[in-house]
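Engineer: Dropping a structure here in structure tokens format, bear with me for questions.
The values are calculated or read from the model by the stated rules, or taken from the named source; none is laboratory data. What you are looking at is a predicted structure, and each value in this text was computed from that prediction instead of being measured. All Cβ positions, glycine included, derive from the backbone under ideal geometry; neighbour counts span all protein chains shown. Areas reflect the complete protein model, heavy atoms only, side chains present, ligands, DNA and RNA absent. Shrake-Rupley method; radii C 1.70, N 1.55, O 1.52, S 1.80 Å.
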Amino acid sequence: MPAIPARNTGAHVVYAELKRRILSLDLKPGERIYEPAMATELQVSRTPLREAIRRLISENLLEQQPTGGVVVPVLDEGEISELYEVRAAVESLMARNACLKATPADLDELDGILARNAALVEFADDAMEQGMALHARIARIAGNSWAGRFHDQVSSQMERYRHYTNSTQRRRDQALAQHRALVEAIAAGDPDQAAKVAFDHVMGARDAAVRAISGKNGAGS
């Protein structure tokens, strides 16, 4: 990796780079972080690296072992279920609120995201990006700042699992259909239907992730 520029050698930039690697699975689940090697690779001193590691441990994105070593947490089915259940509740609330606040301009923007989602549905990363954009736009329309904070916090934790939620064309097609149903419910001003669609959509993603992780863990056993 290229060295981090001298002006960006603070703990925050080291934190951001390590977090990116963890969430993108560049740092594999179960992989140990060796401070001397990592500091050399990033071309930073041990002090900002240790600060970044402490911050990531506090966010449960790194794990301190009893022996003192630091590892990337393994992918855990129980954690997946918990995270998605919380996100489903928050998404349901935001969809309900969006029904009450969406303007014609908001609906036009949602339709545009849907069109891009449909055009890119055969490409896993692009389809996921458009899905995330749709949920983010609904969150902004809903305008509930506390729900938005919880959503952002949970979404950050879920980044490591998203790869497993849309890895098949069948799941991406299903997600697109659910996105369309969600936008239709918001456009119709039907908060109960919007809340249900949002909840079921997130729980479907949970089930896909759990199946994928379960199969991966089974294959490795």
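Engineer: Select, from 83, 107, 56, 93, the only residue that is out of contact with any His (no Cβ under 6 Å at 6 or more places or on another chain) and either loosely packed, with under 13 Cβ neighbours inside 10 Å or not assigned by the TED database to the domain that holds residue 196 (or both). Don't jump to the end; show me each part of the working.
Structural biologist: Values: 83 fails: either loosely packed, with under 13 Cβ neighbours inside 10 Å or not assigned by the TED database to the domain that holds residue 196 (or both); 107 fails: either loosely packed, with under 13 Cβ neighbours inside 10 Å or not assigned by the TED database to the domain that holds residue 196 (or both); 93 fails: either loosely packed, with under 13 Cβ neighbours inside 10 Å or not assigned by the TED database to the domain that holds residue 196 (or both).
Going through 83, 107, 56, 93 in turn, the sole match is 56.
Engineer: On the given criteria, is residue 145 within 25 Å of residue 106 (Cβ to Cβ) and out of contact with any Asp or Glu (no Cβ under 7 Å at 6 or more places or on another chain)?
Structural biologist: On the way: within 25 Å of residue 106 (Cβ to Cβ): yes; out of contact with any Asp or Glu (no Cβ under 7 Å at 6 or more places or on another chain): yes.
So residue 145 fits the description; yes.
Engineer: Evaluate the following for residue 100: is it touching an Asp or Glu at 6+ places or on another chain (Cβ under 7 Å) and either buried (at least 17 other Cβ atoms within 10 Å of the Cβ) or part of a helix (DSSP H, G or I) (or both)? Even if it seems obvious, please write down each step before you answer.
Structural biologist: On the way: touching an Asp or Glu at 6+ places or on another chain (Cβ under 7 Å): no; either buried (at least 17 other Cβ atoms within 10 Å of the Cβ) or part of a helix (DSSP H, G or I) (or both): yes.
No, not satisfied.
Engineer: Could we say that residue 44 is outside the structural domain of residue 204 (by the TED database) and of a type in the set (Val, Ile, Thr) here?
Structural biologist: Numbers: outside the structural domain of residue 204 (by the TED database): yes; of a type in the set (Val, Ile, Thr): yes.
Spelling it out, residue 44 is indeed outside the structural domain of residue 204 (by the TED database) and of a type in the set (Val, Ile, Thr).
Engineer: Quick check: is even one residue across segment 89-97 in contact (Cβ under 8 Å) with a residue 60 or more places away in the chain, of a type in the set (A, V, I, L, M, F, W, C), in contact with a Pro (Cβ under 8 Å, 6 or more places away or on another chain) and assigned to a helix (DSSP H, G or I)?
Structural biologist: yes
Engineer: Separate question: Only one residue in 185, 175, 136, 142 is within 16 Å of the chain's Cα centre (by Cα), touching a residue at least 12 places away in the same chain (Cβ under 8 Å) and not assigned by the TED database to the domain that holds residue 22, so which one is that? Steps first, please.
Structural biologist: On the way: 185 fails: within 16 Å of the chain's Cα centre (by Cα); 136 fails: touching a residue at least 12 places away in the same chain (Cβ under 8 Å); 142 fails: within 16 Å of the chain's Cα centre (by Cα).
None of the other options fit; the residue is 175.
Engineer: Since residue 29 meets every condition but one in (1) in a helix (DSSP H, G or I); (2) open to solvent by 40 Å² or more (accessible area, probe 1.4 Å), which condition does it not meet?
Structural biologist: Of (1) in a helix (DSSP H, G or I); (2) open to solvent by 40 Å² or more (accessible area, probe 1.4 Å), only one is false for residue 29: (1).
Engineer: Considering each of 73, 66 in turn, give the residue that is open to solvent by less than 20 Å² (accessible area, probe 1.4 Å), without any contact (Cβ under 8 Å) to a residue 60 or more places away in the chain and outside any helix (DSSP H, G or I). Explain how you work it out, then say what you get.
Structural biologist: Working: 66 fails: open to solvent by less than 20 Å² (accessible area, probe 1.4 Å).
Step by step, each of 73, 66 is checked, and only 73 is open to solvent by less than 20 Å² (accessible area, probe 1.4 Å), without any contact (Cβ under 8 Å) to a residue 60 or more places away in the chain and outside any helix (DSSP H, G or I).
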